[in-house]
1. Are any residues in the range 184-195 buried (at least 18 other Cβ atoms within 10 Å of the Cβ) and closer than 23 Å to residue 91 by Cα, and if so, which ones?
2. Taking only the range 214-233 into account, find how many residues are modelled with pLDDT of 70 or more and surrounded by 15 or more Cβ atoms within 10 Å (Cβ to Cβ).
3. Scan the range 77-117 for residues that are more than 22 Å from residue 67 (Cβ to Cβ), in a helix (DSSP H, G or I) and hydrophobic (A, V, I, L, M, F, W, C) and jot them down.
4. Where residues in the range 102-158 are in contact with a Ser or Thr (Cβ under 9 Å, 6 or more places away or on another chain) and basic (Lys, Arg), which of them is least open to solvent (accessible area, probe 1.4 Å)?
5. Would you check if there is a residue in the range 156-176 being assigned to a helix (DSSP H, G or I), within 13 Å of the chain's Cα centre (by Cα) and not hydroxyl-bearing (Ser, Thr, Tyr)?
6. Pairs only if they're at least six apart or on different chains, beta carbon under 9 angstrom, first in the range 224-235 and part of a helix (DSSP H, G or I), second open to solvent by 60 Å² or more (accessible area, probe 1.4 Å) and modelled with pLDDT under 70; list them, first residue then second.
7. Mind checking which pairs have a first residue in the range 194-215 that is farther than 20 Å from residue 78 by Cβ and a second that is surrounded by 14 or more Cβ atoms within 10 Å (Cβ to Cβ) and among the charged types (D, E, K, R), Cβ under 6 Å, 6 or more apart or different chains?
Amino acid sequence: MSSTSCLTKLFTRGLPLVMVVGWGILANPGTAGAAGLTLDLGNSPTQQTSTSLQLLMLMTVLSLAPAILMLMTSFTRIIIVLSFVRNALGTQQLPPNQVLVGLALFLTFFVMAPTWNQINTEAVQPYMNNQITQMEALTKAEEPLRTFMFKQTREKDLELFVGLAKMERPKTYRDVPTYVLIPAFVISELKTAFQMGFAIFIPFIVIDMIVSSTLMSVGMMMLPPMMISLPFKLLLFVLVDGWHLVVQSLVTSFH
């Protein structure tokens, strides 16, 4: 087995298990020492890979894991929509980036909890209890995450990357490789996030237009409209319980 195919195997199949192994240990701390996660790339002499190369590939996957996990979960849509909210309000750096990212992470944990619990129940815990092999655990861990991504991916986006990959038209979702599914899922999430952001901007643009027209009509053209419209936008956002509506819309958009 070549080093490229080994890396691809770790990247596309091993990542879901890496993603939830910590979740499984937190959920059942007593099983943390029941079994060890080993790196198995083949047992035949022709498929042996040097230990240093295995460690290099494993560290490569782990170093990319944070960015990959953000793109394979609901995080992308959530953080973009929250950023749109801040820009629409015109509050510059309020809420701070740390608050937005923290809220996005916890909302991601909330949205992805059923998927991760399913992976933990069907793959991580049986593997840590030595009930299934590592390859069986990888296969079982991959399926719930793929199911989540398929539900959020538009067929048009999926067709785009199937065509770019120059592969035969898949008959079922099982025939779609993970490396094709992930970019299709990401651009679908980006489109959905921008659609939600556009809807969020509309009421605040109306307020800006009203304030600007009023200032021009009374001849106060030197006064920045943003200074006057900001309190009204904050008042509107608070009166309609904006954060409640935004979070509710984000969470329900994944169901």
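1. Correct list: 193 only.
2. 5
3. 85, 88, 89, listed by residue number.
4. Taking the candidates together, the pick is 146.
5. Filtering the range 156-176 for residues assigned to a helix (DSSP H, G or I) gives 156-164, 173-175.
Those still in the list that are within 13 Å of the chain's Cα centre (by Cα) too: none.
No, there is no match, as no residue in the range 156-176 is assigned to a helix (DSSP H, G or I), within 13 Å of the chain's Cα centre (by Cα) and not hydroxyl-bearing (Ser, Thr, Tyr).
6. Short answer, once both residue conditions are applied: 228/220.
7. Every condition considered, the pairs that remain are 207/233.
For (1) surrounded by 14 or more Cβ atoms within 10 Å (Cβ to Cβ); (2) over 19 Å from residue 249 (Cα atoms); (3) at pLDDT 85 or above; (4) touching a Cys at 6+ places or on another chain (Cβ under 7 Å), each residue gets a yes or a no:
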position	(1), (2), (3), (4)
166	no, yes, no, no
169	no, yes, no, no
177	yes, yes, no, no
182	yes, yes, yes, no
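The values are calculated or read from the model by the stated rules, or taken from the named source; none is laboratory data. Since the model is a prediction, treat every value here as computed from it, not as a measurement. Cβ coordinates were reconstructed from backbone atoms using ideal geometry, including for glycine residues, and neighbour counts include every protein chain displayed. The area values use the complete protein model at the heavy-atom level, side chains included, leaving out ligands, DNA and RNA. Shrake-Rupley method; radii C 1.70, N 1.55, O 1.52, S 1.80 Å.
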